[in-house]
Amino acid sequence: MQSRSTKLGMLAAVLAAFSWGTATVLSKAALAEVSPLVLLFLQLAASVTVLWFVVWLRNIPPGDRTGARRHAWLGLLEPGIAHLFGLIGLKYMNASGATLIQSSESIMIVILSAIIMRVWPSWRLLGLSTLAMLGVVIALDLVNPNSLSGNSFFGLGLMFAAIATAAVYVLLTSRIASRCDPILAVAWQQSLALVFAALVLVGVGLGTKHAIDFSFPLPVWLVVCVSGVVQYAVAFSLYMFALRSVSANVAGTFLNLTPIFGIIGAILFLGEGFSFAQGVGSAVTIGSVLMITYGEEY
């Protein structure tokens, strides 16, 4: 039987995947009006504001008692460098190829966990993780060989670098998750990521000599702020909480649900269609994750 903390950790991982999937839909809507770098900066700004407000409400000492501040540099990995690489890489490849590579993060976590941390997954977990990722490939119609056409090696390389960086972030964060308050740790990490994003934004603005445009309608500002809070403050805090109760391997498996939630959100809010392949793939992924959730204790 799984302990209550393990079940709560798995639930937190599912909710984190839901948050990331939902925020992806919101971000896609915002990108029609906002440039990627401006979007990243504003989303992080909204997230950091909410995080520190919650820290203040909970009266959490912002000092170094739990080591959260010492590990703020992890925010440079994700969302800092990982999301920067991902945004640039996305300019040089199609969305299907990018989503396929993003779906590989769970497998990367398992592989890197074995290489770096010497944590070997069970054959059951490895098999179900692979099956869950296969479901994502089917749901996104990436079994079609034409789905990966039009991608440059530069874009593919940057996207793989982004996902590998994110996987390393998960592994390193799992080492400190049990010692740090999740919200405080995420607040410090994203504060540093915000500084990083601001420097990049200013650097690009100076280098291209183009003014940074923040003149977009109020509804767009609302979408940007909400998506930032959901994608960064909520999702990262939930995932940090999940890593306190389950291993990085198990928590990473739930990342396979992110594209599924994204597909559902796109259908409901962006009016995109739903194919038979998406239904089959979604069922395979959800079924695999459920088997992990209700299987052996990790």
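Provide the solvent-accessible area of ASP213, counting protein heavy atoms only and rolling a 1.4 Å probe, rounded to the nearest 10 Å². Here the residue's solvent-accessible area equals roughly 80 Å².
Percent of C-alpha pairs per 10 Å bin in segment 179-271, short distances first: 13, 29, 34, 21, 3.
Label segment 1-89 by shape, choosing from rounded, prolate and oblate, from the square roots a ≥ b ≥ c of the eigenvalues of the Cα gyration tensor; if a/c is under 1.5 it is rounded, and otherwise prolate applies when a/b is larger than b/c, oblate when it is not. Oblate is the answer for segment 1-89, as a/c is 1.5 or above yet b/c matches or exceeds a/b.
Please check which bits of segment 20-64 a label hung off VAL226 would reach, taking the label as a point 7 Å along Cα-to-C-beta and the cut-off as backbone N under 16 Å. Under cut-off, by backbone N: 20-33, 43, 46-47. Between VAL204 and PHE53, the C-beta separation translates, for a Förster distance of 45 Å, into a calculated FRET efficiency of about 0.95.
Based on the mean of other Cβ atoms within 10 Å per residue, sort peptides 190-201, 231-242 so the most packed one is first.
Details: 190-201: 19.6, 231-242: 25.6.
Ranked by mean Cβ neighbours within 10 Å, highest first: 231-242, 190-201.
The values are calculated or read from the model by the stated rules, or taken from the named source; none is laboratory data. Quick caveat: nothing in here was measured; it's all calculated off a predicted structure. With ideal geometry, Cβ positions are generated from the backbone for all residues, glycine too; neighbour counts draw on all protein chains shown. Just the protein is used for accessible areas: all its heavy atoms, side chains included, with ligands, DNA and RNA removed. Shrake-Rupley method; radii C 1.70, N 1.55, O 1.52, S 1.80 Å.
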